[in-house]
Structure formats: structure tokens, C-alpha cells
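Have a look at this one.
The values are calculated or read from the model by the stated rules, or taken from the named source; none is laboratory data. What you see is a predicted model, and the numbers here were worked out from it, not measured in a lab. As a convention, Cβ positions derive from the backbone with ideal geometry for all residues, glycine included, and neighbour counts pool all protein chains shown. Side chains are part of the model used for accessible areas, which takes the heavy atoms of the whole protein and leaves out ligands, DNA and RNA. Shrake-Rupley method; radii C 1.70, N 1.55, O 1.52, S 1.80 Å.
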Amino acid sequence: MNELSAIKRQLTNRKSGILGSQAMQSAVIVPLVYVKGELSILFEVRSKKLTKQPGEICFPGGRIDKTDPTPEAAAIRELTEEIGLSEKSINIIAPLDVLVTPFRGIIYPFIGDLQSLDQLKINHDEVDHTFTVPLSYLYEHEPDVHSMKLWFEPGVDFPIDKVPNKRSYSNRYNEIPEYFYYYQDYVIWGLTARILSHFLDITKPR
């Protein structure tokens, strides 16, 4: 069998993945819920007991485990563990764009709607408390946008002399936008704000 035929056989029916998927993979849900008749988004404030990002604002979700059949299943499992709602009270509407990050791996966001918050049972080991923001408020209030610079800095043993045009890598950096949403005393920023901004951009009434 020639080499080309072997390659074609290996690639037949292969589904594409995400290069670099050995990085940490997580899934989150942007939960929509009616509060006093107004469609709102539920946010979590992470427990201050946590070692990573204590007290910061996030969406329900977390790491995808090997036992999770899909990212969607992982997001639902994490939500039930964090705020105590049953799977039956969660309806996944659609996925958002996959977010690939330099430090937090790959994040699969989903839009979901919750029947109500009557059965909320917060796991205080993970979540300090929750709050909701009316969707109309978020549509009407644009975020502040600031820039974050990510610097390229070769390690001690990095063979920079082997790289063509190595001078172009001196002081090289990528600049990314960081979004800040403000509601009452809450500051929503980081990856949560980036996912929120993406959702608002594609659903905002035109």
C-alpha cells in the first residue's frame, strides 16, 4: 500500500478537533431566568475559601471531567453541584463560540434558561452567593474596554538564536481587550465579561 493511500485511510471520517486540546477544558452556562417578570442573567460570586480567584464573578461551570460525555453535560453537572438546581430545571438553548485562552485553556460556553430560582441551594464551598442582572440593563449599558498586554518572553533554555528574525521577538506582545461591566457594587470582568459581551453582541435587539 502506498503512503498516500495509507494517509487517506487514516483521515477518512476523521472529525476535526481543537489543536492544543490537551490544555484544560471547561464548560460554563450563561443562565437566563425571569426575576419579577424581567428576563435576567444569573451570576455567581466565587467562594472566598477558594485558592483560585476567590470572590470573583463567574458563570456556573467548571472543568470537564473524563466522565462527562460532552461539554454540555459537564456544564449542567457543574451548575447542579454549585447552586443545587436539578437537571430538569435547566434547558440548554444553544452553544456560544468556543473560547481559547492562553492561561485558562479552552472554554465551552452555553446559553441556558432556568425555570426559577425557588429551589436554589448554594454550595458555599464553591459559591459565596449569586445575583441577577436584568438583560435590559446589560443591553443598555456598554462595558468599559481596556487593553491587556501579553508579553513574549523566551525561557532560559529557549533557542532564540535558531529563530529567523529573532530581533522581531524582542519586546513582542499581544494586546487583547478586557471588558468591564458594572452593576451596583459588582464588577464583571475577565473571561466572564468576554463571554457575556459575545452573547450580548449576537442577541442585542437591532
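With Rg and the Kirkwood Rh both taken from Cα atoms, where does Rg over Rh land for the stretch 90-156? Don't jump to the answer; show the numbers that get you there.
Values: Rg = 17.6 Å, Rh = 16.5 Å.
Taking Rg over the Kirkwood Rh, I get 1.07.
Take Lys121 and Lys48, extend 7 Å from each Cα along the Cα→Cβ direction, and tell me the distance between the two endpoints in nm.
That separation, rounded to one decimal, is 2.6 nm.
May I ask which residue of Tyr169, Gly55, Gly105 lies farthest towards the positive end of the charge dipole of the chain, with charges of +1 (Lys, Arg) and -1 (Asp, Glu) on Cβ and the Cα centre as origin?
Positive-most Cα among the choices belongs to Tyr169.
Where only protein heavy atoms count, and the probe is 1.4 Å, what is the accessible area per residue for the stretch 87-206 in Å²? Before the final figure, lay out each step's value.
Numbers: 8140 Å² over 120 residues.
Result: 68 Å² of accessible area for each residue.
How far, in degrees from 0 to 90, does helix 190-203 lean away from the longest principal axis of the Cα atoms of the chain, to the nearest 10?
80
Computing the accessible area with a 1.4 Å probe over protein heavy atoms, can you report the carbon and sulfur percentage for the chain? Intermediate results must be reported in sequence, preceding the final value.
On the way: 6950 of 13620 Å².
Summing carbon and sulfur atoms, their accessible area is 51 percent of the total for the chain.
Something else now. Counting alpha carbon pairs within less than 8 Å and at least 6 residues apart, what relative contact order, in whole percent, applies to the chain?
Values: 328 pairs, mean separation 42.7, N = 206.
Relative contact order of the chain: 21 percent.
Sticking with this structure for a sec: A 32 angstrom limit on the alpha carbon distance is what I want to check against. Which of Lys66/Lys121; Lys88/Lys204; Lys15/Lys121; Lys15/Lys52; Lys49/Lys149; Lys8/Lys66 exceed it? Write out the running numbers ahead of the final one.
Values: Lys66/Lys121 26 Å; Lys88/Lys204 28 Å; Lys15/Lys121 39 Å; Lys15/Lys52 34 Å; Lys49/Lys149 29 Å; Lys8/Lys66 30 Å.
Over 32 Å apart, Cα to Cα: Lys15/Lys121; Lys15/Lys52.
Treating only the Cβ of Lys, Arg, Asp and Glu as charged (+1, +1, -1, -1), what charge dipole size does the chain show about its Cα centre? Round to the nearest 20 debye.
Here the chain has a charge dipole of around 900 debye.
Another question, if that's okay. Rounded to whole Å, give me the distance from the Cα center of the stretch 40-115 to that of the stretch 155-188.
26
Please give the solvent-accessible surface of Glu140 in Å², to the nearest 10, using a probe radius of 1.4 Å with every protein chain present.
In the full protein context, Glu140 sits at about 130 Å².
With a 1.4 Å probe and every protein chain left in place, tell me how much accessible area Tyr182 has, in Å² to the nearest 10.
The value for Tyr182 is about 110 Å².
I've got another one for you. So, counting K/R as plus one and D/E as minus one, what does the shell of residues with Cβ under 12 Å around Lys204 add up to? The partial results should precede the final answer.
Details: positive: Arg206; negative: Glu140, Glu142, Asp201.
Residues near Lys204 contribute -2 overall.
Quick one, can you get me the convex hull of the C-alpha atoms of the chain expressed as volume per residue in Å³? Walk me through the numbers on the way to the answer.
On the way: hull volume 44.3 nm³, N = 206.
Roughly 215 Å³ of hull volume per residue.
How far apart, in nm, are the 7 Å Cα→Cβ label points at Thr12 and Ser168?
4.1
Oh, and also: Report the one residue of Phe152, Pro134, Leu114 whose Cα lies farthest in the direction of the positive end of the charge dipole of the stretch 93-178 (charges on C-beta: Lys and Arg +1, Asp and Glu -1; origin at the Cα centre).
Most positive-ward Cα: Phe152.
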